[in-house]
Amino acid sequence: MEKEWNDDNNFKIGEKGGRWRVYRYVLAAVSCLGMALVLCLQFYLYRSSVPEEIYLIRGQSSRFQFKLPASANIYEEVTEVSTVNMAKPFTLNSSSNSSYTMDVKLFGLVPLKKVSVTTVEATEVIPGGQPIGIYMETDGVLVLGTTAVTDENGNHANPAKNMVSKGDYIIAVNGKAVHYKSELSNFLKKNGDKEVVLTIRREGRKLKVRITPVKMKGNEEYKCGLWVRDDTQGIGTLSFETKEGRFGALGHGVSDVDTGELLENSDGRIYEAAISYIIPGSSGKPGELVGSIDYSDANWLGTIESNTSDGIYGKANERLKSEMGNKAIPVGLKQDVSEGKAYIQSYISGKAKLYAITIEKTNLSYEHSANMVVRVTDPELLSLTGGIVQGMSGSPIIQNGKMVGAVTHVFVNDPTKGYGIFMDEMLDYQ
């Protein structure tokens, strides 16, 4: 009996020890996974703190401070020139060459990022700040979605379902180009209930789909069950004009309100806008500039040529050039921007005026329209708007006599704060 009892207890003790060993293995695995996630996150944070590109003004030097446990080997073509310690402040000089490369390595060993350093000429722009009306035509007919329609027999049908998708652009019907929704509607009316071939552009690819329209109940219309749009309009702020007569505005792209995607435009114009009144912002409720736009040739200011994630760009006409004048100021690059006092230029009161702000944070890495966090401190602007409101996107940010960027977004929960974009991102140096 004693032997049997000991064997039984030995078995139970062994089973308990086995369970503890499993627990230890699981805990060790979880700990290792946690450490790996922390290291990956830290690596990502280090990497995201270094920009993809750095611009230097020819003949000038720029000082940088990344505070990274990393070193950067500088190469001109394939020859290593020097090494900088990124844990301490360092200076980069503009080279006689147009560009060179910094190979950044964490702890001098782990590859972190390759940074392109480009020498550019000193640039000046005329800062804006005036509200503008924006009108843009889509490059093709934009699909917002599909819907069921009722045919002449009272049956529900959705011919376009699963054939086209939200965000597609219809660019041709049976091989014939279409630019406006009225052209699409007229073609379907003439075509009747015969099958049509729609050429669509989806994420840069061209596709062809076949759809059979249905005759609508009670009239002679034929429809495919498509919700479409061919233009958009709104109010924003002009950011700058170059000496060559090019303009930039908004600091972010124009996205379709329904699809949320950056609008692919074929044509567009900017016009004078008259601000009727201002809805001040409050916590949880962004404010807004409410105004009117007269889309007549008399109010035309310029032609929109491109819509990008960094703003809309185009060519100013003679009227806009005359209104802007020639009071150009230097452009400040990302490394010129410092935390502290700066100004927004705005026509919010009816005339050009500088309003005090504080730049609270900068991010040198390429983040499009979120390079800076700014806070409005000017009592007059706070009284007028409550801070930053919709329609102020594009307002120039000026620091130390240089235009360093533009306002892009407001913080919903704190309208006194918002994001800004660096001029590096808004200006095309390529």
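Worth a mention:
- Residues whose placed amide H lies under 5 Å from that of Gln390, excluding near-sequence neighbours: Gly287, Glu288, Leu289
- Choice from Gly204, Gly311, Gly268 with maximal GNM fluctuation in the chain (Cα, 10 Å cutoff): Gly204
- Other-chain or far-sequence residues with amide H under 5 Å of Tyr180's (modelled H): none
- With N counted as the residues of the stretch 75-221, its alpha-carbon radius of gyration over 2.2 N^0.38 Å works out to 1.91.
- DSSP-loop trypsin sites (Lys or Arg not before Pro) across the stretch 313-362, with at most 11 other Cβ within 10 angstrom: Lys327, Lys351
- Partners of Lys321 within straight-line reach, counting aspartates and glutamates whose Cα lies under 16 Å from its Cα and excluding those fewer than 8 residues away in the same chain: Glu124, Glu241, Glu244, Glu272, Asp297.
- Of Pro131, Pro159, Pro280, the one that fluctuates the most in a GNM where the chain has Cα springs shorter than 10 Å: Pro159
- The shape of the stretch 149-224 comes out prolate: with a ≥ b ≥ c from the C-alpha gyration tensor, a/c is at least 1.5 and a/b beats b/c.
- Here the Debye sum runs over all C-alpha atoms of the stretch 94-147 as equal scatterers in vacuum, and log10 of I(q)/I(0) at q = 0.29 Å⁻¹ comes out as -1.14.
- Sum of -39500 (n - 2.57) over DSSP H runs of 4+, divided by residues of the chain (222 nm, nearest 500): -6000 deg cm²/dmol
- DSSP-loop trypsin sites (Lys or Arg not before Pro) across the stretch 219-297, with at most 15 other Cβ within 10 angstrom: Lys243
- Most mobile of Gly34, Gly418, Gly332 in a GNM of the chain (Cα contacts under 10 Å): Gly34
- Sparse-neighbourhood loop sites, GluC sites (Glu not before Pro) in the stretch 103-150 - DSSP loop, at most 11 other Cβ within 10 angstrom: Glu121
- Normalised alpha carbon radius of gyration of the chain [divisor 2.2 N^0.38 Å]: 1.33
- Computed about the Cα centre, the dipole magnitude for the chain is approximately 680 debye when only Lys and Arg (+1) and Asp and Glu (-1) carry charge, each at its Cβ.
- Centre separation in Å (Cα based) which lies between the stretch 344-406 and the stretch 257-297: 18
- Across the stretch 149-224, the mean sequence separation of Cα contacts (distance under 8 Å, 6 or more residues apart), normalised by length, yields a relative contact order of 36 percent.
- Dipole magnitude (debye, nearest 20) for the stretch 223-376, charges at Cβ of Lys, Arg, Asp, Glu: 640
- Two-site FRET efficiency, Lys327 against Ser266, from Cβ-Cβ distance with R₀ of 41 Å, rounded to 0.05: 0.75
- By the rule of a C-alpha distance below 16 Å, with chain neighbours fewer than 8 residues away ignored, the lysines paired with Lys67 are Lys88, Lys105, Lys113, Lys361.
- Among Val407, Thr377, Leu301 - extreme Cα towards positive end, dipole of the stretch 271-430, charges at beta-carbon: Thr377
- With the biggest extent put first, the Cα atoms of the stretch 318-430 measure 37, 35, 23 Å across the principal axes.
- Taking the centroid of alpha carbons for each part, the stretch 35-73 and the stretch 131-151 are 42 Å apart.
- Normalised contact order of the chain, rounded percent, pairs of Cα under 8 Å and 6 or more residues apart: 14
- Percent of alpha-carbon pairs separated by more than 18 Å within the stretch 53-120: 31
Each reported figure results from applying straightforward, stated rules to the coordinates on display, with no laboratory input. Everything numeric here is computed off the predicted structure, so don't read it as measured data. Here Cβ is always computed from backbone atoms with ideal geometry, including for glycine, and neighbour counts include all displayed protein chains.
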